[in-house]
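One structure below.
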Amino acid sequence: MKFLDEAIITVQSGNGGRGCVSFRREKYVPRGGPDGGDGGKGGDVILKSTSRRRTLYPFQFKRQFKAQDGAHGQGRQKTGKNGRDLIIELPPGTLVKDADTNEILKDFTAAGESHSVVKGGRGGLGNTRFKTSTNRTPRYAQPGEPGHSRELKLELKLLADVGIIGLPNVGKSTLLSSISSATPKIGNYPFTTLTPTLGVVETGWAEPFVVADIPGLIEGAHQGAGLGIRFLRHIERTRILIHLLDAQTIDPEHPLAVYETVNRELEFFNPQLAQKSQIVVLNKMDLPETETAAAAFVDALDDQPVILISAIKKTGIDKLISRILELLERSDNE
Ligand SMILES: Nc1nc2c(ncn2[C@@H]2O[C@H](COP(=O)(O)OP(=O)(O)OP(=O)(O)O)[C@@H](O)[C@H]2O)c(=O)[nH]1
Ligand SMILES: [Mg+2]
């Protein structure tokens, strides 16, 4: 089980631009004085936390970051342009350490914080600056100060964005394993899952998100039945819930019975949890005779969309993921 997302990256600030050696050359002005401009400053590397990022996944592909160099100074006292700062976006919750010393450089607890980790090199002074009464034609200028390089260790305690709830045996772990690389235990009996598992869902076209699979809830969970409700605290901080049901076990006479039982347990545990956005999903639609029960369920739950899937056959998964992304985006903007 991987609760910690880690990445090591190398950041390098921009080199300062070289100062310029130049002399004024104008018609009718013999021996014009020095006019070499200073070099520009190299760009800094700045880390910034943003709610647009949720994992350190992008750093698996890109590990080297370099800010722009300052431009060299030019004649006519033209100062070189400063190099652009490089901003690296991190998910809130990221702890940044110096990889060599293990010193904590910054703990990004919320979105919108920023921290400069390496300063760009200063630009060198142009020869204009070295003109004195005894040396009116200095033929030297300073080189730019080189940028600095640093190895950073990023650590993120993964917090689930999405929690999967439902009765035991409805396929919560199967769903997690079919959408992420997590490998929770799956079994055809209740309470296969004894501890929560997290998985990162990488769609390839949107920011990855984290899903938590928790042990099944049953009626009376708030009084300790089954594994009880203590695992619900793992999903208290998720932004949305997938309420998963086994289509085969829906009673067409009372299609919403199970759904309401689970919601009641949520409410007993924490009314705020019951207020979270839920995506209602019927699983095991590959099994025979699930259509009628599903239709009765969809009918009864007329105020909410229902997504029909088969976690095993991976049908309906794209639709589910799109819906998750839509709700996550909505909660980002809140
Ligand atoms: N036919 C079919 N079977 C499924 C599907 N999804 C899960 N199952 C089966 O349902 C059983 C329970 O699956 P799990 O993923 O362990 O269910 P769970 O909800 O995590 O169960 P607990 O951890 O005990 O709460 C397993 O035998 C799965 O193979 C599906 O889409 N179709
Ligand atoms: Mg399970």
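The values are calculated or read from the model by the stated rules, or taken from the named source; none is laboratory data. Please read all numbers here as calculations on a predicted model, not as lab measurements. Backbone-built Cβ (ideal geometry, glycine too); neighbour counts: all protein chains shown. Remember, those area values only see protein heavy atoms, side chains included, never the ligands or the DNA or RNA. Shrake-Rupley method; radii C 1.70, N 1.55, O 1.52, S 1.80 Å.
Scanning the range 165-203 for residues that are more than 22 Å from PRO58 (Cβ to Cβ) and of a type in the set (D, E, K, R) turns up LYS172, LYS185.
Somewhere in the range 153-161, is a residue open to solvent by less than 20 Å² (accessible area, probe 1.4 Å) and within 16 Å of ligand 2 (Cβ to nearest atom)? Scanning the range 153-161 turns up at least one residue that is open to solvent by less than 20 Å² (accessible area, probe 1.4 Å) and within 16 Å of ligand 2 (Cβ to nearest atom). Summed over the range 70-88, residues that are open to solvent by less than 50 Å² (accessible area, probe 1.4 Å) and closer than 30 Å to ALA111 by Cβ total 3. Flag: ALA225 matches the condition of being more than 23 Å from GLU326 (Cα to Cα), without any contact (Cβ under 8 Å) to a residue 24 or more places away in the chain and hydrophobic (A, V, I, L, M, F, W, C).
Among the residues making up the range 184-235, those that are in a loop (DSSP other than H, G, I, E, B), open to solvent by 70 Å² or more (accessible area, probe 1.4 Å) and more than 16 Å from ligand 2 (Cβ to nearest atom) are GLU202, GLY204, TRP205, GLU219. Only one of the listed residues (LEU56, LEU125) is crowded, with 16+ Cβ neighbours inside 10 Å and modelled with pLDDT under 95. That residue is LEU56. Residues that are among the β-branched types (Val, Ile, Thr), modelled with pLDDT under 95 and away from ligand 2 (no atom under 16 Å from the Cβ) do occur in the range 258-274, at least one of them.
Among the residues of the range 243-275, write down those that are of a type in the set (S, T, N, Q), part of a helix (DSSP H, G or I) and under 18 Å from VAL162 (Cα atoms).
Within the range 243-275, ASN263, GLN272, GLN275 meet the criteria.
Scanning the range 186-200 for residues that are more than 6 Å from ligand 1 (Cβ to nearest atom), under 17 Å from ILE165 (Cβ atoms) and in contact with a Ser or Thr (Cβ under 9 Å, 6 or more places away or on another chain) yields THR197, LEU198, GLY199. The residues of the range 276-292 that are surrounded by fewer than 16 Cβ atoms within 10 Å (Cβ to Cβ), assigned to a loop (DSSP other than H, G, I, E, B) and touching a residue at least 40 places away in the same chain (Cβ under 8 Å), listed by number, are LEU287, GLU289. On the basis of being in a strand (DSSP E or B) and either in contact with a helix residue (DSSP H, G or I) (Cβ under 8 Å, 6 or more places away or on another chain) or at positive phi (or both), does ILE312 make the cut? Answer is no for this residue. For the range 21-90, the strands (runs of 3 or more DSSP E) that sit wholly inside it and include 3 or more residues that are touching a Lys or Arg at 6+ places or on another chain (Cβ under 8 Å) are 86-90. Within the range 100-122, the residues that satisfy the criterion of being in contact with a strand residue (DSSP E or B) (Cβ under 7 Å, 6 or more places away or on another chain), closer than 30 Å to GLY16 by Cβ and either in a strand (DSSP E or B) or open to solvent by less than 30 Å² (accessible area, probe 1.4 Å) (or both) are ILE104, LEU105, LYS106, PHE108, SER114, HIS115, SER116, VAL117, VAL118. For the range 164-183, a residue qualifies if it is aliphatic (A, V, I, L, M) and either modelled with pLDDT of 90 or more or near ligand 2 (Cβ under 8 Å from one of its atoms) (or both), and the qualifying residues are ILE164, ILE165, LEU167, VAL170, LEU175, LEU176, ILE179. Per the conditions (1) more than 11 Å from ligand 1 (Cβ to nearest atom); (2) open to solvent by 10 Å² or more (accessible area, probe 1.4 Å), the sole criterion not satisfied by GLN248 is (1).
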